[in-house]
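K.L.:
A single structure is presented below for examination.
The values are calculated or read from the model by the stated rules, or taken from the named source; none is laboratory data. Keep in mind it's a predicted model, so treat the numbers as computed, not measured. All Cβ positions, even for glycine, are placed from backbone atoms using ideal geometry, and neighbour counts span all protein chains on display. In case anyone asks, the SASA skips ligands and DNA or RNA and just uses the protein heavy atoms, side chains included. Shrake-Rupley method; radii C 1.70, N 1.55, O 1.52, S 1.80 Å.
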Amino acid sequence: MTDSLARELACIDCGTVHPLGYRLECEKCRGLLELRYDLDVLRARGPALLAGGGLWRYAPVLPIADPAHRVTLGEGGTPLLDCPRLAKVLGVRSLAVKFEGANPTGTVKDRSSATGVAAALQFGFTATSVVSSGNAGSSIAAYSARAGLRSLIFAYARASAPKLLHMAATTADLVLYEGVYDDLITHWDRLVESRLFFDCGASRNAYKHEGKKTIGYEIAEQSGWRPPDVVVAPVAVGETFIAAARGFREMRDAGWIPRVPRMVAAQATRANAISRAFRSGRPLEPLKIGYTVAEGLAAGNPGRKGEWVLRLLRDGRGAAGDAEDEQILEAQRTLARTEGIWAGPTGVATLAVLGKMLAAEELDPAQSYCAIVSETGLKTEAAPPSRAATAFDFDSLERLVEQRLARA
Ligand SMILES: [Zn+2]
(Lines give C-alpha, C1' and ligand atoms only; values in the text may rest on other atoms or scores of the structure.)
Protein backbone atom coordinates (compact mmCIF):
# COMPACT_ATOMS: atom_id res chain seq x y z
CA MET A 1 0.00 0.00 0.00
CA THR A 2 1.27 3.42 -0.90
CA ASP A 3 1.27 6.43 1.41
CA SER A 4 -0.39 9.71 0.52
CA LEU A 5 2.11 12.52 -0.01
CA ALA A 6 -0.54 15.22 0.64
CA ARG A 7 0.95 17.75 3.06
CA GLU A 8 -1.22 20.87 3.19
CA LEU A 9 -4.02 22.96 1.70
CA ALA A 10 -3.04 26.25 0.06
CA CYS A 11 -5.27 29.18 -0.89
CA ILE A 12 -5.21 29.80 -4.63
CA ASP A 13 -5.80 33.53 -4.06
CA CYS A 14 -3.64 34.67 -1.13
CA GLY A 15 -1.33 31.66 -0.77
CA THR A 16 -2.10 31.08 2.93
CA VAL A 17 -1.29 27.51 3.90
CA HIS A 18 -3.67 25.45 6.05
CA PRO A 19 -3.14 22.06 7.67
CA LEU A 20 -4.92 19.07 6.13
CA GLY A 21 -8.48 18.88 7.43
CA TYR A 22 -12.05 19.24 6.25
CA ARG A 23 -11.85 22.88 5.23
CA LEU A 24 -13.63 24.24 2.15
CA GLU A 25 -12.12 27.71 1.83
CA CYS A 26 -9.32 29.97 3.03
CA GLU A 27 -9.67 31.21 6.58
CA LYS A 28 -8.24 34.61 5.61
CA CYS A 29 -9.80 35.52 2.28
CA ARG A 30 -12.43 32.80 1.60
CA GLY A 31 -10.48 31.78 -1.53
CA LEU A 32 -10.61 28.22 -2.85
CA LEU A 33 -8.06 25.75 -1.58
CA GLU A 34 -5.85 23.30 -3.44
CA LEU A 35 -3.93 20.35 -2.08
CA ARG A 36 -0.14 20.38 -2.03
CA TYR A 37 2.10 17.33 -1.99
CA ASP A 38 5.67 16.50 -1.06
CA LEU A 39 7.25 17.34 -4.41
CA ASP A 40 10.72 16.30 -3.23
CA VAL A 41 9.55 12.73 -2.81
CA LEU A 42 7.70 12.84 -6.16
CA ARG A 43 10.84 14.13 -7.82
CA ALA A 44 13.19 11.68 -6.14
CA ARG A 45 11.14 8.54 -6.62
CA GLY A 46 9.42 9.34 -9.93
CA PRO A 47 6.63 7.17 -11.36
CA ALA A 48 8.16 4.14 -9.60
CA LEU A 49 6.08 5.38 -6.64
CA LEU A 50 2.94 4.16 -8.36
CA ALA A 51 1.56 0.70 -7.64
CA GLY A 52 -1.52 -1.27 -8.57
CA GLY A 53 -4.18 -0.32 -11.09
CA GLY A 54 -7.12 2.05 -11.46
CA LEU A 55 -7.55 5.35 -9.67
CA TRP A 56 -5.83 4.32 -6.44
CA ARG A 57 -2.64 3.59 -8.40
CA TYR A 58 -2.18 7.35 -7.94
CA ALA A 59 -2.78 7.24 -4.16
CA PRO A 60 0.54 9.04 -3.45
CA VAL A 61 -0.89 12.15 -5.16
CA LEU A 62 -4.36 11.83 -3.60
CA PRO A 63 -5.32 13.12 -0.13
CA ILE A 64 -6.62 9.91 1.46
CA ALA A 65 -4.16 8.75 4.11
CA ASP A 66 -5.70 5.50 5.33
CA PRO A 67 -5.97 2.73 2.72
CA ALA A 68 -9.10 1.48 4.52
CA HIS A 69 -10.90 4.66 3.41
CA ARG A 70 -10.04 4.23 -0.27
CA VAL A 71 -13.47 3.21 -1.56
CA THR A 72 -13.54 1.69 -5.05
CA LEU A 73 -15.90 0.32 -7.68
CA GLY A 74 -13.04 -0.15 -10.15
CA GLU A 75 -12.84 3.46 -11.41
CA GLY A 76 -9.95 4.91 -13.40
CA GLY A 77 -7.64 3.06 -15.76
CA THR A 78 -9.94 4.08 -18.62
CA PRO A 79 -8.67 3.62 -22.19
CA LEU A 80 -6.79 6.29 -24.12
CA LEU A 81 -7.95 5.36 -27.62
CA ASP A 82 -6.04 6.46 -30.68
CA CYS A 83 -8.69 7.57 -33.21
CA PRO A 84 -7.13 7.70 -36.70
CA ARG A 85 -10.41 7.72 -38.63
CA LEU A 86 -11.91 10.50 -36.55
CA ALA A 87 -8.62 12.43 -36.82
CA LYS A 88 -8.97 12.22 -40.59
CA VAL A 89 -12.56 13.51 -40.47
CA LEU A 90 -11.47 16.45 -38.30
CA GLY A 91 -8.31 17.02 -40.34
CA VAL A 92 -5.75 16.66 -37.54
CA ARG A 93 -2.50 14.75 -37.49
CA SER A 94 -3.23 12.79 -34.33
CA LEU A 95 -6.22 12.43 -32.01
CA ALA A 96 -6.79 10.26 -28.98
CA VAL A 97 -9.98 9.98 -26.96
CA LYS A 98 -9.74 9.50 -23.20
CA PHE A 99 -12.96 7.53 -22.80
CA GLU A 100 -14.38 8.16 -19.34
CA GLY A 101 -17.59 6.31 -20.16
CA ALA A 102 -15.63 3.19 -19.21
CA ASN A 103 -15.85 4.12 -15.51
CA PRO A 104 -18.20 2.08 -13.25
CA THR A 105 -21.17 4.45 -13.48
CA GLY A 106 -20.27 5.56 -16.99
CA THR A 107 -18.79 8.95 -16.17
CA VAL A 108 -15.63 10.84 -15.22
CA LYS A 109 -17.47 11.76 -11.99
CA ASP A 110 -16.49 8.37 -10.55
CA ARG A 111 -12.97 9.70 -10.05
CA SER A 112 -14.13 12.55 -7.81
CA SER A 113 -16.80 10.39 -6.18
CA ALA A 114 -14.10 7.93 -5.12
CA THR A 115 -11.97 10.56 -3.37
CA GLY A 116 -15.03 12.55 -2.21
CA VAL A 117 -16.67 9.60 -0.49
CA ALA A 118 -13.27 8.41 0.79
CA ALA A 119 -12.78 11.87 2.35
CA ALA A 120 -16.26 11.63 3.94
CA LEU A 121 -15.04 8.42 5.63
CA GLN A 122 -11.71 10.04 6.51
CA PHE A 123 -13.43 12.94 8.28
CA GLY A 124 -16.01 10.74 10.02
CA PHE A 125 -19.19 11.73 8.17
CA THR A 126 -22.11 9.31 7.86
CA ALA A 127 -23.96 11.06 5.02
CA THR A 128 -23.08 12.71 1.72
CA SER A 129 -25.04 15.05 -0.52
CA VAL A 130 -24.82 16.58 -3.98
CA VAL A 131 -26.86 18.72 -6.38
CA SER A 132 -26.70 17.13 -9.79
CA SER A 133 -27.90 17.31 -13.36
CA GLY A 134 -27.71 13.50 -13.37
CA ASN A 135 -24.23 11.99 -13.63
CA ALA A 136 -22.79 13.27 -10.37
CA GLY A 137 -25.91 12.17 -8.49
CA SER A 138 -25.81 8.61 -9.72
CA SER A 139 -22.07 8.41 -9.14
CA ILE A 140 -22.12 9.83 -5.58
CA ALA A 141 -25.11 7.61 -4.71
CA ALA A 142 -23.26 4.51 -5.94
CA TYR A 143 -20.00 5.31 -4.13
CA SER A 144 -21.82 6.26 -0.93
CA ALA A 145 -23.69 2.94 -1.00
CA ARG A 146 -20.39 1.15 -1.60
CA ALA A 147 -18.90 2.89 1.46
CA GLY A 148 -21.94 2.22 3.65
CA LEU A 149 -22.89 5.92 3.84
CA ARG A 150 -26.26 7.55 3.31
CA SER A 151 -26.55 9.92 0.37
CA LEU A 152 -29.04 12.73 -0.12
CA ILE A 153 -29.15 13.30 -3.88
CA PHE A 154 -30.78 16.37 -5.45
CA ALA A 155 -31.33 15.65 -9.13
CA TYR A 156 -32.44 17.67 -12.12
CA ALA A 157 -36.05 16.75 -12.95
CA ARG A 158 -35.15 16.59 -16.66
CA ALA A 159 -32.25 14.17 -16.10
CA SER A 160 -32.46 11.16 -18.42
CA ALA A 161 -34.53 8.17 -17.32
CA PRO A 162 -31.49 5.84 -17.13
CA LYS A 163 -29.75 8.29 -14.77
CA LEU A 164 -32.87 8.64 -12.59
CA LEU A 165 -33.33 4.85 -12.49
CA HIS A 166 -29.70 4.46 -11.45
CA MET A 167 -30.02 7.06 -8.68
CA ALA A 168 -33.29 5.63 -7.40
CA ALA A 169 -31.63 2.21 -7.26
CA THR A 170 -28.56 3.33 -5.32
CA THR A 171 -30.02 5.78 -2.79
CA ALA A 172 -33.16 5.86 -0.68
CA ASP A 173 -32.97 9.66 -0.58
CA LEU A 174 -33.45 10.99 -4.10
CA VAL A 175 -35.08 14.42 -4.38
CA LEU A 176 -35.94 16.02 -7.72
CA TYR A 177 -35.57 19.79 -7.96
CA GLU A 178 -37.40 22.24 -10.16
CA GLY A 179 -35.46 24.57 -12.44
CA VAL A 180 -31.77 24.22 -13.30
CA TYR A 181 -28.65 23.52 -11.25
CA ASP A 182 -27.97 27.22 -10.64
CA ASP A 183 -31.36 27.69 -8.98
CA LEU A 184 -30.59 25.31 -6.12
CA ILE A 185 -26.82 25.33 -5.74
CA THR A 186 -26.52 28.65 -3.87
CA HIS A 187 -28.91 27.49 -1.11
CA TRP A 188 -27.33 24.06 -0.95
CA ASP A 189 -23.81 25.52 -0.73
CA ARG A 190 -24.95 27.59 2.26
CA LEU A 191 -26.37 24.49 3.94
CA VAL A 192 -22.99 22.77 3.60
CA GLU A 193 -21.74 24.99 6.46
CA SER A 194 -24.07 23.18 8.88
CA ARG A 195 -22.03 19.99 8.37
CA LEU A 196 -25.17 17.86 8.33
CA PHE A 197 -23.62 16.03 5.39
CA PHE A 198 -20.29 15.81 3.61
CA ASP A 199 -20.00 18.24 0.69
CA CYS A 200 -19.86 16.20 -2.52
CA GLY A 201 -20.60 19.24 -4.67
CA ALA A 202 -18.37 20.64 -7.38
CA SER A 203 -18.01 24.17 -5.99
CA ARG A 204 -15.43 24.00 -3.22
CA ASN A 205 -14.37 20.62 -1.87
CA ALA A 206 -10.68 20.12 -2.72
CA TYR A 207 -10.70 16.47 -1.58
CA LYS A 208 -13.48 15.50 -3.94
CA HIS A 209 -12.10 17.58 -6.79
CA GLU A 210 -8.72 15.88 -6.41
CA GLY A 211 -9.85 12.50 -7.74
CA LYS A 212 -10.22 13.98 -11.19
CA LYS A 213 -6.54 14.89 -11.21
CA THR A 214 -5.86 11.24 -11.97
CA ILE A 215 -7.20 11.76 -15.49
CA GLY A 216 -4.14 13.93 -16.20
CA TYR A 217 -1.83 11.34 -14.64
CA GLU A 218 -3.37 8.57 -16.74
CA ILE A 219 -3.17 10.52 -20.00
CA ALA A 220 0.52 11.17 -19.27
CA GLU A 221 1.33 7.63 -18.23
CA GLN A 222 -0.58 6.10 -21.16
CA SER A 223 1.41 8.38 -23.48
CA GLY A 224 4.75 7.17 -22.10
CA TRP A 225 5.06 10.33 -19.95
CA ARG A 226 4.99 12.51 -23.09
CA PRO A 227 1.42 13.86 -23.11
CA PRO A 228 -0.16 15.15 -26.33
CA ASP A 229 0.32 18.80 -27.33
CA VAL A 230 -3.29 19.76 -26.59
CA VAL A 231 -5.90 18.37 -24.17
CA VAL A 232 -9.54 19.34 -24.65
CA ALA A 233 -11.55 19.12 -21.43
CA PRO A 234 -15.25 19.73 -20.79
CA VAL A 235 -16.19 22.65 -18.53
CA ALA A 236 -19.43 23.09 -16.60
CA VAL A 237 -18.19 24.40 -13.24
CA GLY A 238 -14.63 23.47 -14.20
CA GLU A 239 -13.74 20.55 -11.95
CA THR A 240 -12.37 18.21 -14.63
CA PHE A 241 -10.53 21.01 -16.40
CA ILE A 242 -8.88 22.43 -13.27
CA ALA A 243 -7.99 19.03 -11.85
CA ALA A 244 -6.45 17.78 -15.12
CA ALA A 245 -4.46 21.02 -15.50
CA ARG A 246 -3.23 20.73 -11.89
CA GLY A 247 -2.19 17.15 -12.50
CA PHE A 248 -0.10 18.09 -15.52
CA ARG A 249 1.49 21.01 -13.65
CA GLU A 250 2.33 18.76 -10.69
CA MET A 251 3.97 16.17 -12.95
CA ARG A 252 5.99 18.84 -14.71
CA ASP A 253 7.13 20.33 -11.39
CA ALA A 254 8.16 16.87 -10.23
CA GLY A 255 10.03 16.27 -13.48
CA TRP A 256 7.77 13.40 -14.60
CA ILE A 257 6.81 15.07 -17.92
CA PRO A 258 8.82 17.56 -20.02
CA ARG A 259 6.02 20.12 -20.44
CA VAL A 260 2.33 20.64 -19.75
CA PRO A 261 -0.13 20.26 -22.63
CA ARG A 262 -2.06 23.27 -23.85
CA MET A 263 -5.56 23.09 -22.32
CA VAL A 264 -8.73 23.85 -24.27
CA ALA A 265 -11.98 24.42 -22.33
CA ALA A 266 -15.07 23.06 -24.10
CA GLN A 267 -18.60 24.23 -23.28
CA ALA A 268 -22.09 24.02 -24.72
CA THR A 269 -23.09 27.27 -26.44
CA ARG A 270 -26.26 27.28 -24.36
CA ALA A 271 -24.12 27.41 -21.18
CA ASN A 272 -20.97 29.19 -22.33
CA ALA A 273 -20.18 31.71 -19.58
CA ILE A 274 -16.48 30.78 -19.45
CA SER A 275 -15.88 30.46 -23.18
CA ARG A 276 -17.64 33.77 -23.73
CA ALA A 277 -15.58 35.57 -21.06
CA PHE A 278 -12.31 34.10 -22.31
CA ARG A 279 -12.93 34.82 -25.97
CA SER A 280 -14.05 38.39 -25.31
CA GLY A 281 -11.35 39.07 -22.72
CA ARG A 282 -14.04 40.26 -20.32
CA PRO A 283 -14.83 39.26 -16.70
CA LEU A 284 -16.97 36.20 -16.03
CA GLU A 285 -20.68 37.02 -16.10
CA PRO A 286 -23.26 34.44 -14.96
CA LEU A 287 -25.80 33.46 -17.60
CA LYS A 288 -29.42 32.53 -17.21
CA ILE A 289 -29.57 29.26 -19.10
CA GLY A 290 -32.17 26.79 -20.27
CA TYR A 291 -31.93 23.22 -21.56
CA THR A 292 -28.96 21.84 -23.48
CA VAL A 293 -28.54 18.24 -24.69
CA ALA A 294 -25.19 18.35 -22.87
CA GLU A 295 -27.00 18.06 -19.52
CA GLY A 296 -23.80 17.80 -17.54
CA LEU A 297 -22.55 21.13 -18.90
CA ALA A 298 -25.69 23.04 -17.95
CA ALA A 299 -24.21 25.48 -15.43
CA GLY A 300 -24.71 29.17 -16.18
CA ASN A 301 -22.98 30.38 -13.05
CA PRO A 302 -19.68 28.53 -12.59
CA GLY A 303 -18.76 30.79 -9.65
CA ARG A 304 -15.26 30.86 -8.22
CA LYS A 305 -14.19 27.70 -10.02
CA GLY A 306 -15.13 29.44 -13.26
CA GLU A 307 -12.75 32.26 -12.31
CA TRP A 308 -10.10 29.64 -11.63
CA VAL A 309 -10.60 28.11 -15.10
CA LEU A 310 -10.26 31.56 -16.66
CA ARG A 311 -7.07 32.22 -14.74
CA LEU A 312 -5.59 28.88 -15.89
CA LEU A 313 -6.59 29.63 -19.49
CA ARG A 314 -5.13 33.12 -19.41
CA ASP A 315 -1.89 32.16 -17.61
CA GLY A 316 -1.34 28.98 -19.58
CA ARG A 317 -1.99 30.19 -23.14
CA GLY A 318 -5.06 27.99 -23.26
CA ALA A 319 -8.09 28.29 -25.49
CA ALA A 320 -11.85 27.97 -25.10
CA GLY A 321 -14.79 27.29 -27.37
CA ASP A 322 -18.39 26.15 -27.34
CA ALA A 323 -20.67 24.13 -29.60
CA GLU A 324 -24.37 24.25 -30.39
CA ASP A 325 -26.60 21.31 -29.46
CA GLU A 326 -26.88 20.22 -33.12
CA GLN A 327 -23.08 20.16 -33.46
CA ILE A 328 -22.81 18.12 -30.27
CA LEU A 329 -25.32 15.54 -31.54
CA GLU A 330 -23.45 15.41 -34.86
CA ALA A 331 -20.17 14.76 -33.02
CA GLN A 332 -21.90 11.96 -31.09
CA ARG A 333 -22.94 10.22 -34.33
CA THR A 334 -19.53 10.76 -35.96
CA LEU A 335 -17.64 9.31 -33.00
CA ALA A 336 -19.90 6.25 -32.95
CA ARG A 337 -19.65 5.59 -36.69
CA THR A 338 -15.96 6.29 -37.17
CA GLU A 339 -14.52 4.74 -34.00
CA GLY A 340 -17.27 2.67 -32.38
CA ILE A 341 -17.27 4.80 -29.24
CA TRP A 342 -20.77 5.47 -27.92
CA ALA A 343 -20.73 8.54 -25.72
CA GLY A 344 -23.42 10.85 -24.36
CA PRO A 345 -23.88 14.45 -25.53
CA THR A 346 -22.16 15.83 -22.42
CA GLY A 347 -19.21 13.59 -23.23
CA VAL A 348 -18.74 14.56 -26.87
CA ALA A 349 -19.00 18.34 -26.43
CA THR A 350 -15.18 18.34 -26.41
CA LEU A 351 -15.07 16.77 -29.88
CA ALA A 352 -17.74 19.14 -31.21
CA VAL A 353 -15.73 22.12 -29.95
CA LEU A 354 -12.47 20.68 -31.27
CA GLY A 355 -14.00 20.18 -34.73
CA LYS A 356 -15.45 23.67 -34.74
CA MET A 357 -12.20 25.36 -33.64
CA LEU A 358 -10.16 23.40 -36.20
CA ALA A 359 -12.59 24.38 -38.96
CA ALA A 360 -12.25 28.02 -37.90
CA GLU A 361 -8.43 27.64 -37.93
CA GLU A 362 -8.23 28.53 -34.25
CA LEU A 363 -6.16 25.41 -33.54
CA ASP A 364 -3.15 23.93 -35.34
CA PRO A 365 -3.96 20.65 -37.17
CA ALA A 366 -0.28 19.62 -37.06
CA GLN A 367 -0.40 19.17 -33.27
CA SER A 368 -1.39 16.04 -31.36
CA TYR A 369 -4.73 16.15 -29.53
CA CYS A 370 -6.44 14.34 -26.69
CA ALA A 371 -10.16 14.92 -26.13
CA ILE A 372 -11.66 13.89 -22.81
CA VAL A 373 -14.99 12.20 -23.54
CA SER A 374 -16.60 12.31 -20.14
CA GLU A 375 -19.58 9.93 -20.27
CA THR A 376 -21.06 6.84 -21.86
CA GLY A 377 -23.97 7.07 -24.30
CA LEU A 378 -25.73 4.24 -22.50
CA LYS A 379 -27.32 6.59 -19.97
CA THR A 380 -28.73 8.91 -22.61
CA GLU A 381 -32.45 9.00 -23.22
CA ALA A 382 -33.62 9.39 -26.81
CA ALA A 383 -36.32 8.05 -29.09
CA PRO A 384 -35.18 4.70 -30.55
CA PRO A 385 -34.70 4.40 -34.31
CA SER A 386 -37.53 2.80 -36.30
CA ARG A 387 -38.97 -0.44 -34.92
CA ALA A 388 -40.33 -1.53 -38.33
CA ALA A 389 -39.45 -5.25 -38.56
CA THR A 390 -39.20 -7.88 -41.31
CA ALA A 391 -40.15 -11.60 -41.30
CA PHE A 392 -37.56 -13.71 -43.19
CA ASP A 393 -37.36 -17.07 -44.89
CA PHE A 394 -33.99 -18.34 -46.13
CA ASP A 395 -34.29 -16.84 -49.63
CA SER A 396 -35.35 -13.39 -48.49
CA LEU A 397 -32.61 -13.40 -45.85
CA GLU A 398 -29.96 -14.36 -48.41
CA ARG A 399 -31.21 -11.69 -50.81
CA LEU A 400 -31.07 -8.99 -48.14
CA VAL A 401 -27.55 -9.93 -47.02
CA GLU A 402 -26.29 -9.91 -50.60
CA GLN A 403 -27.95 -6.59 -51.34
CA ARG A 404 -26.65 -4.94 -48.17
CA LEU A 405 -23.08 -6.08 -48.62
CA ALA A 406 -23.09 -5.07 -52.29
CA ARG A 407 -23.74 -1.45 -51.29
CA ALA A 408 -20.84 0.91 -51.48
ZN1 LIG B 1 -6.71 33.13 0.97
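K.L.:
Set the Förster distance to 41 Å, then compute FRET efficiency between Leu196 and Glu285 from the Cβ-Cβ distance, nearest 0.05.
P.N.:
In this case the efficiency is close to 0.80.
K.L.:
Amide H neighbours of Arg7 under 5 Å, counting only residues 5+ apart in sequence or on other chains, H built in-plane at 1.01 Å?
P.N.:
For Arg7, whose amide H was placed from the backbone, the distant partners under 5 Å are Arg36, Tyr37, Asp38.
K.L.:
Of the candidates Gln367, Gln327, Gln122, which one comes out as most mobile in a Gaussian network treatment of the chain with C-alpha springs shorter than 10 Å?
P.N.:
Gln367
K.L.:
Taking all protein chains in place and a 1.4 Å probe, what share, in percent, of the accessible surface of region 333-408 do carbon and sulfur account for?
P.N.:
54 percent
K.L.:
How many angstrom separate the Cα center of region 180-224 from the Cα center of region 275-345?
P.N.:
Answer, in whole Å: 18.
K.L.:
May I ask you to compute the full-extension gain from Asp189 to Thr390, defined as 0.36 nm times their residue separation minus their alpha-carbon distance, rounded to one decimal in nm? It would help to have the intermediate numbers written out before the result.
P.N.:
Values: separation 201, 0.36 × 201 = 72.36 nm, distance 5.48 nm.
Extra length from Asp189 to Thr390 when fully extended: 66.9 nm.
K.L.:
Take the chain, connect every pair of alpha-carbon atoms lying under 10 Å apart with a spring to form a Gaussian network, then pick out the residue of Glu27, Glu285, Glu75 with the largest mean-square fluctuation.
P.N.:
Glu27
K.L.:
To the nearest 20 debye, what charge dipole does region 1-156 have about its Cα centre, counting +1 at the Cβ of each Lys and Arg and -1 at the Cβ of each Asp and Glu?
P.N.:
On the way: 17 positive and 13 negative charges, 85 e Å.
Roughly 400 debye for region 1-156.
K.L.:
If you roll a 1.4 Å probe over region 1-42 with all protein chains in place, what percent of the accessible area is carbon or sulfur?
P.N.:
Reported share for carbon and sulfur atoms: 46 percent.
K.L.:
Also: Take the Cα radius of gyration of the chain and divide it by 2.2 N^0.38 Å, with N its residue count; two decimals is plenty.
P.N.:
0.99
K.L.:
Then there is this: Less than 20 Å apart at the alpha-carbon level, and either on another chain or at least 8 residues along: which lysines does that give for Lys356?
P.N.:
Cross-link targets: Lys88, Lys98.
K.L.:
Continuing with this model, one more query. How large, in percent, is the carbon and sulfur part of the accessible surface of region 140-181 at a probe radius of 1.4 Å?
P.N.:
Summing carbon and sulfur atoms, their accessible area is 57 percent of the total for region 140-181.
K.L.:
Let me ask you something else. If I take R0 = 51 Å and measure r between the Cβ atoms of Arg30 and Ala383 in this structure, what FRET efficiency does the formula 1/(1 + (r/R0)^6) give, to the nearest 0.05?
P.N.:
It comes out at approximately 0.65.
K.L.:
Would you mind pulling out the separation of the Cα centroids of region 370-391 and region 14-43, in Å?
P.N.:
The distance from the Cα centre of region 370-391 to that of region 14-43 comes to 42 Å.
K.L.:
Considering the zone a paramagnetic label at Cys14 would reach in this model (a point 7 Å from Cα along the Cα-to-Cβ line), which residues of region 299-322 have amide N under 19 Å from it?
P.N.:
Counting backbone N atoms under 19 Å from the label point, the list is 304-305, 308.
K.L.:
For Tyr22 and His69, calculate 0.36 nm times their separation in residues minus their Cα-Cα distance, and state this gained length in nm to one decimal.
P.N.:
On the way: separation 47, 0.36 × 47 = 16.92 nm, distance 1.49 nm.
Here the segment from Tyr22 to His69 would lengthen by 15.4 nm.
K.L.:
Roughly what would the spin-label model give for Ala161 and Glu330, points 7 Å off Cα along C-beta, in nm?
P.N.:
2.9 nm
K.L.:
While we're looking at this one, here's another question. Over the heavy atoms of Trp308, what accessible area does a 1.4 Å probe trace out, to the nearest 10 Å²?
P.N.:
Accessible area, nearest 10 Å²: 20 Å².
K.L.:
Taking θ as phi - 60°, what are the ³J(HN,Hα) couplings along region 72-88 by the Karplus curve (6.51, -1.76, 1.60), each to the nearest whole Hz, with x for Gly and Pro?
P.N.:
Those phi angles translate into 8, 10, x, 6, x, x, 6, x, 9, 9, 5, 10, x, 5, 5, 4, 5 Hz.
K.L.:
Heavy-atom accessible area per residue, the chain, 1.4 Å probe: how many Å²? Mind showing how you got there, number by number?
P.N.:
Working: 17230 Å² over 408 residues.
The answer is 42 Å² per residue.
K.L.:
Something else: What do you get for chymotrypsin sites (Phe, Trp or Tyr not before Pro) in region 36-124 restricted to DSSP loop and a cutoff of at most 16 other Cβ within 10 Å of the site's Cβ?
P.N.:
Passing both the DSSP loop test and the Cβ count: Phe123.
K.L.:
Quick check: residue separation of Gln403 and Asp364 times 0.36 nm, minus the Cα distance between them. What number comes out in nm?
P.N.:
9.8 nm
K.L.:
For the chain, modelled as a Gaussian network with Cα springs under 10 Å, which listed residue fluctuates most, Phe248, Phe197, Phe394?
P.N.:
Result for the chain, Cα springs under 10 Å: Phe394 fluctuates most.
K.L.:
Something else: Note down the relative contact order for region 281-324 as a percent, whole number, built from C-alpha pairs under 8 angstrom at least six residues apart.
P.N.:
Values: 20 pairs, mean separation 12.2, N = 44.
Computed value for region 281-324: 28 percent relative contact order.
K.L.:
Using only DSSP helix segments of four residues or longer, with each worth -39500 (n - 2.57), what per-residue ellipticity at 222 nm results for the chain after dividing by its residue count and rounding to 500? Mind showing how you got there, number by number?
P.N.:
Details: 14 runs with 157 residues, N = 408.
Helices in the chain give a 222 nm mean residue ellipticity of -11500 deg cm²/dmol.
K.L.:
Just check region 143-198 against the gyration tensor rule for me: Cα atoms, a ≥ b ≥ c as the square roots of the eigenvalues, rounded for a/c under 1.5, and otherwise prolate or oblate depending on whether a/b exceeds b/c.
P.N.:
Oblate.
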